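Below: one structure, written as structure tokens.
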Amino acid sequence: MSLAPSERPGTHPDDSNLSATYALVLVVEVIVILGLYWIGRQFG
Amino acid sequence: MQWIDWAIVAVYLFWIVWTGLRMGRKTEELESYFLANRSLPWWAVGLSVMATQLSAITLVGTTGQGYNAGLSFIQFYFGLPLAMIILSLTVVPLFRRANIYTAYEYLERRFDSKTRLFTSLLFLLSRAMATGVVIAAPSVILSVIFGWNLTLTILAFGIPTIFYTMKGGVQAVTWADVKQMVVIVGGLSAAAVALIMGLPDDVTVGAALRTAGAVGKMQALDFTFDTSTTYTFWSGLIGGLFLSMSYFGCDQSQVQRYLTAKSVDEARGSLLMSAFWKIPLQVLVLMVGVLMFVFFLFNQGPILFKNTYLPAVQSSTRAAEYAGLDREYAQAFENRKLAARAMAAAQADGAPAGAASFARSEFVRNDTAVREVRAKATALVKDVTGDPDYNDTNYVFPTFVTEHLPVGLVGLIIAAIFAAAMSTIAAELSSLATSSVIDIYRRHLKPEADDAHYVTVSKWATLFWGLFACFVATFAAEMGSLIEAVNVLGSYFYGSILGVFILALGVKRANGDGAFVGLIAGMSAVWWVDQHTATVYLWLNVVGAVVVTVVGTIVSLLTGGATAGPDAGKSAATRAA
């Protein structure tokens, strides 16, 4: 691939580390799915 | 509609067009017109991303789906948060730093011009048709509900949107989206509150939800692995992941949103807003549908919500049969209402043991009776009108709004339907204009011109696509099956275009020939699977992406591996000039 380094996939020194935010997205999704499961059990 | 409702809709339209014109004043340069000088904050871009995805079809159709099938449609969105994380890590920084205007521009740098041309043409074709459907769907519904002229309704959606998009470019679109999102969420919340307030005094919210749950409407999750069932946990998680990656990562109508962000981090933040809020928002939309089901347990609605067929049925030889079904429905409704009240009472403290179970089975039996009468009436209408696609799902919410909500609230909800449609149409028109000017006009027809020329052409392109979409809408409105055909057409492209981007980003030795042949193979495979198996459309995205990636890799290796695109070696700044 002959693209400039900035145009290649991968991390860049200027990027913030959003690992904690990504982890939070996953935690929220799991909580929402568990919540929907609970709603199904409680009201179904 | 009362005059006050009309006034609310008129104020909304004026407010949005004025916002669009005011925010989009300084658009003499191409980067300003198409990318807002890459200066917008994450929250505005994030709201614009969500508003673009939430069309009037979502608002009206999904509430109808909640009424008919309950919460199960929510599974469709389970792959979306994961897709947002993957895109934040991959294409967002890549596109943002490449200083590109369109996603397809990147494919020329990575592969060659034919791959860019082909993917951008696929986008223009599918998105232009889809924009027509986005205009047609709410136009048909509102024209039926209010008796408005269909062409005028289409123009009421199209003209203001074309006007502010053409005049103000992407800044106008984004800032109008922000306000439209407020109107949409406000309208939905008001509808939910009105539905809860509309419950009988002796029926609590908990009892109402248990009544809906007794007939399966609170059951959101289905863990069976069956590719012929449309909405399951797995089709939503895996098929939805591929669909979301394609839509948010490869479709210009979404990519253009986060290219306007101030920085890579702000662009990521805008997508992560959807990752956090999309599923809860859709739960709200579906819950409005479930609450409508409960509302119509205690308030009699029409036997069928779409009543355009009535004159044809009443003048046919089966008019007496239909009148009989109508009487049968009224009786079945009363029986179900009594059963629903009995079920709610049986859940109260102090009710005898076993009473709740008996009341629940009685309610289920009576609900089945109501559904059977509705099914008979639907079959009769299909026979008499010769319309095999007759379906009243999309008419439940508008019927509830116009016949049961108080004055003022009707105007707010109609404004929310306008907002949902206009936010999607504006973003799509802006992206269609961007791709046609950047990928086609500037690349192939007139490469050397100043920004003023390209901005003028872009405005004309916006007008052209807007009028084209209105034209398509007038035909789509008449042909229900065309709407479905456009959706199927979209699913043929989505996964395959995602496959091309996977090749570009993930397979170092992939080349233009591999990507091109892979794309053809992917779309052919999707067509074959769709025609010869019962696989539902969410899985078609997976098929397309996987076939393009595998075939593209093999062809690339057989044809000598990666080759530099025509721009390889130039700096990003040179290429952007």
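The values are calculated or read from the model by the stated rules, or taken from the named source; none is laboratory data. Predicted model, so just to flag it, every value in this text is computed and none were measured. Heads up, the Cβs are rebuilt from the backbone with ideal geometry, glycines too, and the neighbour counts pull from every protein chain shown.
Residue selection: B:Gly240 fails the criterion of being in contact (Cβ under 8 Å) with a residue 60 or more places away in the chain, touching a Gly at 6+ places or on another chain (Cβ under 9 Å), closer than 22 Å to A:Gly44 by Cα and of a type outside the set (A, V, I, L, M).
Within the set B:Met23, B:Met1, B:Met50, the sole residue that is hydrophobic (A, V, I, L, M, F, W, C) and farther than 23 Å from B:Thr434 by Cβ turns out to be B:Met1. Only residues that are within 14 Å of chain A (Cβ to nearest Cβ) and within 12 Å of B:Val91 (Cβ to Cβ) were counted in the range B:493-508, giving 5.
Out of the residues in the range A:15-44 meeting the condition of being facing chain B (nearest Cβ under 7 Å) and modelled with pLDDT under 85, tell me which one is farthest from the chain's Cα centre (by Cα). Here the residue is A:Gly44.
In the set (1) more than 18 Å from B:Ala172 (Cβ to Cβ); (2) at pLDDT 90 or above, the condition left unmet by B:Val488 is number (2). For B:Ala36, the conditions (1) farther than 30 Å from B:Met218 by Cβ; (2) within 14 Å of chain A (Cβ to nearest Cβ); (3) in a helix (DSSP H, G or I) all hold with the exception of (2).
The set of residues in the range B:327-357 that are without any contact (Cβ under 8 Å) to a residue 60 or more places away in the chain, surrounded by 14 or more Cβ atoms within 10 Å (Cβ to Cβ) and of a type outside the set (Lys, Arg) comprises B:Glu328, B:Tyr329, B:Ala332, B:Phe333, B:Asn335, B:Ala339, B:Ala342, B:Ala346, B:Ala355, B:Ala356.
Among the residues in the range B:358-376, are any out of contact with any Cys (no Cβ under 6 Å at 6 or more places or on another chain), part of a loop (DSSP other than H, G, I, E, B) and surrounded by fewer than 20 Cβ atoms within 10 Å (Cβ to Cβ)?
So in the range B:358-376, the residues out of contact with any Cys (no Cβ under 6 Å at 6 or more places or on another chain) come out as B:358-376.
Cutting the leftovers down to part of a loop (DSSP other than H, G, I, E, B) gives us none.
Within the range B:358-376, not a single residue is out of contact with any Cys (no Cβ under 6 Å at 6 or more places or on another chain), part of a loop (DSSP other than H, G, I, E, B) and surrounded by fewer than 20 Cβ atoms within 10 Å (Cβ to Cβ).
Give the residue, chosen from B:Asp226, B:Asp201, B:Asp222, B:Asp177, that is among the acidic types (Asp, Glu), in the same structural domain as B:Thr52 (by TED's automatic domain parsing) and within 19 Å of B:Val283 (Cβ to Cβ). Spell out the reasoning first.
Details: B:Asp226 fails: within 19 Å of B:Val283 (Cβ to Cβ); B:Asp201 fails: within 19 Å of B:Val283 (Cβ to Cβ); B:Asp177 fails: within 19 Å of B:Val283 (Cβ to Cβ).
The conditions single out B:Asp222.
Quick check on B:Arg268: is it charged (D, E, K, R), assigned to a helix (DSSP H, G or I) and within 13 Å of another protein chain (Cβ to nearest Cβ)? So that I can check it myself, show each step before the final result.
Values: charged (D, E, K, R): yes; assigned to a helix (DSSP H, G or I): yes; within 13 Å of another protein chain (Cβ to nearest Cβ): yes.
Against the criterion (charged (D, E, K, R), assigned to a helix (DSSP H, G or I) and within 13 Å of another protein chain (Cβ to nearest Cβ)), B:Arg268 qualifies.
The conditions of being assigned by TED's automatic domain parsing to the domain that holds B:Leu463, crowded, with 20+ Cβ neighbours inside 10 Å and farther than 22 Å from B:Met50 by Cβ are not met by B:Leu125. Are any of the residues in the range B:286-301 touching a Ser or Thr at 6+ places or on another chain (Cβ under 8 Å) and farther than 24 Å from B:Ala207 by Cβ? No, there is no match, as no residue in the range B:286-301 is touching a Ser or Thr at 6+ places or on another chain (Cβ under 8 Å) and farther than 24 Å from B:Ala207 by Cβ. The listed residues are B:Tyr231, B:Tyr258, and the only one of them that is of a type in the set (Phe, Trp, Tyr) and over 29 Å from B:Asp367 (Cα atoms) turns out to be B:Tyr258.
Does B:Phe276 satisfy being more than 10 Å from chain A (Cβ to nearest Cβ), under 25 Å from A:Leu26 (Cβ atoms) and surrounded by fewer than 19 Cβ atoms within 10 Å (Cβ to Cβ)?
No; evaluated as a whole, the condition is false for this residue.
I need the full set of residues from the range B:298-324 which are assigned to a helix (DSSP H, G or I) and buried (at least 18 other Cβ atoms within 10 Å of the Cβ), in order please. Steps first, answer last, please.
In the first step, residues of the range B:298-324 are kept if they are assigned to a helix (DSSP H, G or I); the result is B:298, B:310-314, B:319-324.
Matches in the range B:298-324: B:Phe298, B:Val313, B:Tyr322.
Determine if the range B:39-46 includes at least one residue that is assigned to a helix (DSSP H, G or I), more than 14 Å from chain A (Cβ to nearest Cβ), buried (at least 23 other Cβ atoms within 10 Å of the Cβ) and in contact with a strand residue (DSSP E or B) (Cβ under 7 Å, 6 or more places away or on another chain). Yes, because at least one residue in the range B:39-46 is assigned to a helix (DSSP H, G or I), more than 14 Å from chain A (Cβ to nearest Cβ), buried (at least 23 other Cβ atoms within 10 Å of the Cβ) and in contact with a strand residue (DSSP E or B) (Cβ under 7 Å, 6 or more places away or on another chain). The set of residues in the range B:131-174 being in contact with a Lys or Arg (Cβ under 8 Å, 6 or more places away or on another chain) and either surrounded by fewer than 20 Cβ atoms within 10 Å (Cβ to Cβ) or not assigned by TED's automatic domain parsing to the domain that holds B:Ser435 (or both) consists of B:Val144, B:Lys167.
Residue under question is B:Phe73, and the condition is that it be under 20 Å from the mean Cα position of the chain (by Cα) and in the same structural domain as B:Gly466 (by TED's automatic domain parsing); does it hold?
On the way: under 20 Å from the mean Cα position of the chain (by Cα): yes; in the same structural domain as B:Gly466 (by TED's automatic domain parsing): yes.
Yes, satisfied.
When the range B:77-93 is limited to residues that are among the β-branched types (Val, Ile, Thr) and at the interface with chain A (Cβ under 7 Å from one of its Cβ atoms), the one that is surrounded by the most Cβ atoms within 10 Å (Cβ to Cβ) turns out to be B:Ile85.
Only one entry in B:Thr211, B:Thr153 is among the polar types (S, T, N, Q) and within 14 Å of chain A (Cβ to nearest Cβ), namely B:Thr211.
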